[in-house]
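Everything on this sheet refers to the single structure shown next.
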Amino acid sequence: MARQTTETLPLLPLRGRVMFPDTAMSIDVGRSSSLIAVKVAADADGRLFLCMQKDSGKEDVQAEDLYLTGTVVHIKQITRLTNGSIRIGVEGMYRAYARDIIPADENGYMSVVITELRTVHGDESLEEAYFHTAKDILREMSGGDSRISQDTISKLVSVTDIDTFVNRTANELKCSPENKQEILESVRSVDRLRLLGTALNNELEIGRLEKKIKNAVRQSIDKGQKEFYLREQLKAIHKELGDDEEEYDELEKKIKEKNMGPEAEEKALKELSRMGRMQTSSPDYNVLRMYIDWLLDLPWNTYTTDTENLADAVKVLNEDHYGLEKIKERITEYLAVLKLTGGMNAPILCFVGPPGTGKTSVASSIARALGRKFVRMSLGGVDDEAEIRGHRKTYIGAMPGRIINGIKTAGTSNPVFLLDEIDKLTTNSRGDPASALLEVLDPAQNSTFRDRYIEIPYDLSKVLFITTANDMSTIPRPLLDRMEVVELDGYTQEEKREIAKRYLVSKNAKKNGLEEDAISFTDAAIEEIIDGYTLEAGVRSLERNIDSVCRKVAVKKASGEGDTFQIDKDDIATYLGARKYERDAALEKDEIGAATGLAWTSVGGTTLTIEVSAMHGKGDILLTGKLGDVMKESARAAISYIRSNSEMYGIDEEAFEKTDIHIHVPEGATPKDGPSAGITMATAILSAFTKKPVKRSVAMTGEITLRGKVLPIGGLKEKSLAAYRVGITDIIIPSDNRKDLEEIPGEVRDKLNFIPVSDVDTVFRNAIRW
Ligand code: ADP
């Protein structure tokens, strides 16, 4: 169609839409001026100028309300609509620019004087490049990330003419009409392509974003729906099985029947109702379930009644133990006080003594005597407060502490509770277990003991706490102040033999399934075990060895090798192998530069050999064998004393300047300290310098002063027992310790020759073979 450069056409304003050439559009026309414009156009050649109004909401538009660039269309179809308006189908022909707009008031419709707007083509290759890029983007969109349909995309991609492509593609864009208008208005083809490219790119990005959001939304809906569905199913299953509610009801019943006391019951019911509102699969459900189980498992206000008759209680104590007269007496008093006061303010007993002296067994005997339950808890190596007091239940894997655990094991609220090895508590950064324990043992506080896990206070005031320790000196001071110490010393050979005969043999025979009369030991056999296989203050290893013999006898009996077995001294080696200790081995011959001392340790008394060697040198002193500072000072005091009295002992004073002294105490792994080795060191040093031997049948203990005085020491009883165990016959002791001789069991005292001394010279005269 030949087109004039300028012509006049009726104008139809578009609301919020942009008409492009080469595209089709259907428009509903309602405004009277627009209806007339359509009619005029249709009556002429069917051409109409379409342009967008700037404000789509404006009803009565004037020239200034319109974009001046628009498209000339050809009306293809007119349909009347019921409400008096019409729908027209138009086809875009070419772009045009409105030079002059004639307002509606003249003819009843708007008309316009236009000039065709031709696209200006320039750099062909650049255009091509843009063209291809745009098509590429379109193709990318066909991956499904698009707001334009697949069908339309493939149609657009196949367009070969650039103008047509831009028009049709721009028409499909979902971008704002203003952006489209910009494309419509651009004169240069590259500009149009560039604008189109940018719009397409945006389109692609938005498409992708939309897809993502849709997916996310879909997923969250799917997940939610799935969970809901499963929950409903689970509920149905539970209902079908009838278990959920039943469990809840049962727990509620149990709690109410438990007689926990109002506070505990309220707490338990509260947690139960919280639990009831949870899914059984949730971790919190299990936490609460476990907690409620704990509350139900704990004994609440459940008490055993103590034995009424004190004489019966004392009988039990005597039945279970040999000897220990003083201890039994003390415990009898204790039980009497307990009975009178009803346990109020009774002190806490602390049994102190070497291992195997019956501390645990006396405590369990007390429980038996009173008719109470017995629980035992070792504190050895406990370094965390939480072990005593528990972890809060919000902590993963939380549990109550050992005290509550023990109470649960006991099953009553007033057991005898043995806290073993209270001297082995340690402290670290996670709090101080000793102070937690203090709270447990303090009668003013322990009626409302709060375990962190249990949360509700638990009454420990009726619990009878007993503690044990090997070494009093390492018990935390505040704890020690709360307790009354009862010392259990080591046993003599005779006591050990009696304990073995009366208790250990029958106990271990029974343990190994042997009847009472199936096995018997002669006294000599037991003594052989004591002498040759044990070196201890208590009877632990004696019991282990007896157990071992019983076990082997049980095997023999089971294999039909006999019915009754009498174990004599000579049989021991066949059951236990060769002797481990030779009683007199250390005493074979006198030696120069070696003296036997006696020491007290937490596992009982022990002998200690001190070796000294004097070598050519320049007066240095070397001390080895893990000696503590006090012991080192004793060594120096001993040297100084001998040196200042060298003439008296026939030593050349100058010898000290030319001699290095090496003092060694073997068994270096055991740390040793204390002043009581003073005279022993002095003896060994003098022996080394004078080359005179020390009598090996002599052992000694005593502190030395610079002026040669001998000062008293502690632990004489344990030391004497140890000396006796290894076959020592003479013990040099400080005179001031004479009063302690009474404590030494008669049978040991009678067999040892005690030599009390007050100065070190007397020590030398008795110990060194001149
Ligand atoms: P501790 O707690 O002091 O380390 P135990 O109480 O465990 O020692 O005693 C070890 C073993 O020796 C136990 O079997 C105990 O019954 C027994 N025992 C210790 N002393 C005696 C005693 N005087 N009479 C009877 N048996 C004893």
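Just so it is clear, none of the values below were taken in a lab; they were calculated from the coordinates. Since we're looking at a predicted model, the values are computed, not measured. Note that we place each Cβ from the backbone using ideal geometry, even for glycine, and neighbour counts take in every protein chain shown.
Its Cα centre serving as origin, region 356-497 has a Cβ charge dipole (Lys and Arg +1, Asp and Glu -1) of approximately 660 debye. Considering only the Cα atoms of region 393-541, their convex hull presents on average a projected area of 12.9 nm². With neighbours defined as other Cβ atoms within 10 Å of a residue's Cβ, the residues HIS321, HIS121 order from fewest to most as HIS121, HIS321.
For region 49-100, what is the convex hull (Cα atoms) projected area averaged across all directions, in square nanometres?
4.4 nm²
Sorting CYS175, CYS550, CYS51 by the number of Cβ atoms found within 10 Å of their own Cβ, with the fewest placed first, yields CYS175, CYS51, CYS550. How would region 689-770 be classified by its alpha-carbon gyration tensor: rounded, prolate or oblate, with rounded meaning a/c under 1.5 and the a/b versus b/c comparison settling the rest? Taking the square roots of the gyration eigenvalues as a ≥ b ≥ c, region 689-770 is oblate. Extension gain for GLU743-GLU116 works out to 212.5 nm (0.36 nm per residue, less the C-alpha to C-alpha distance). Short-range pairs are left out: with C-alpha atoms under 8 Å and at least six residues apart, the relative contact order of region 7-122 is 33 percent. Report, as a whole number in µm² per second, the diffusion coefficient that Stokes-Einstein gives for region 42-156 at 20 °C and 1.002 mPa s using the Kirkwood radius over alpha carbon pairs. Answer, rounded: 121 µm²/s. The Cα trace of region 398-454 gives Rg and Dmax of 11.9, 34 Å, the first to one decimal, the second as a whole number. Panel values: the chain, Kirkwood radius from alpha carbon pairs, Stokes-Einstein at 4 °C and 1.567 mPa s, translational diffusion coefficient 35 µm²/s.
The charge dipole of the chain, taken about its Cα centre with unit charges on the Cβ of Lys, Arg, Asp and Glu (plus for the first two, minus for the last two), comes to roughly 640 debye. Each of TYR533, PRO283, SER142 was placed along the dipole of the chain (beta-carbon charges, centred on the mean Cα), and the one lying farthest toward the positive end is SER142. Which log10 I(q)/I(0) values, to two decimals, does region 85-142 give at q = 0.24 Å⁻¹ under the Debye formula with one point per Cα? With one equal scatterer per Cα and no solvent, log10 I(q)/I(0) is -1.04.
Counting only DSSP beta bridges with both residues in the chain, the antiparallel share comes to about 55 percent. When each of the peptides 353-363, 609-619, 122-132 is scored by how many other beta carbons lie within 10 Å of its residues on average, the order from highest to lowest is 353-363, 609-619, 122-132.
Each 10 Å bin from 0 upward holds the following percent of the Cα-Cα pairs of region 274-321: 21, 23, 16, 15, 13, 12. Taking other Cβ atoms within 10 Å as a rough exposure proxy, ILE183, ILE78, ILE148 sort from fewest to most as ILE78, ILE148, ILE183. Between VAL40 and ARG551, the modelled label-to-label distance comes to 12.1 nm, taking each label 7 Å out from Cα in the direction of the beta carbon.
Working note: Debye formula, equal point scatterers on the alpha-carbon atoms of region 247-311, no solvent; log10 I(q)/I(0) at q = 0.12, 0.15, 0.29 Å⁻¹ is -0.37, -0.50, -1.30. Put simply, the amide H of GLY597, placed in the peptide plane, has neighbours under 5 Å in LEU608, THR609, ILE610, MET700, leaving out anything fewer than 5 places away on its chain. Rounded to the nearest 500, the 222 nm mean residue ellipticity of the chain from helices alone is -13500 deg cm²/dmol, with -39,500 (n - 2.57) taken per DSSP H run of at least 4 residues. Counting only aspartates and glutamates at least 8 places from LYS214 when in the same chain, those with an alpha carbon closer than 17 Å to its own are ASP145, GLU203, GLU205, ASP222. Across q = 0.09 Å⁻¹, region 519-646 modelled as identical point scatterers on its alpha-carbon atoms has Debye log10 I(q)/I(0) values of -0.47, in the order of the q list.
Are there DSSP H segments in the chain that both extend 30 Å or more along their axis (alpha-carbon positions) and score a mean Kyte-Doolittle hydropathy of at least -1.0? List them, or say none. Span-like helices in the chain: 189-241.
Could you work out the Rg to Rh ratio of region 9-72, with Rh taken as the Kirkwood radius (inverse of the mean 1/r over all Cα pairs)? Display every interim value, and only then the final one.
Numbers: Rg = 11.1 Å, Rh = 12.0 Å.
On the Cα set of region 9-72, Rg over Rh gives 0.93.
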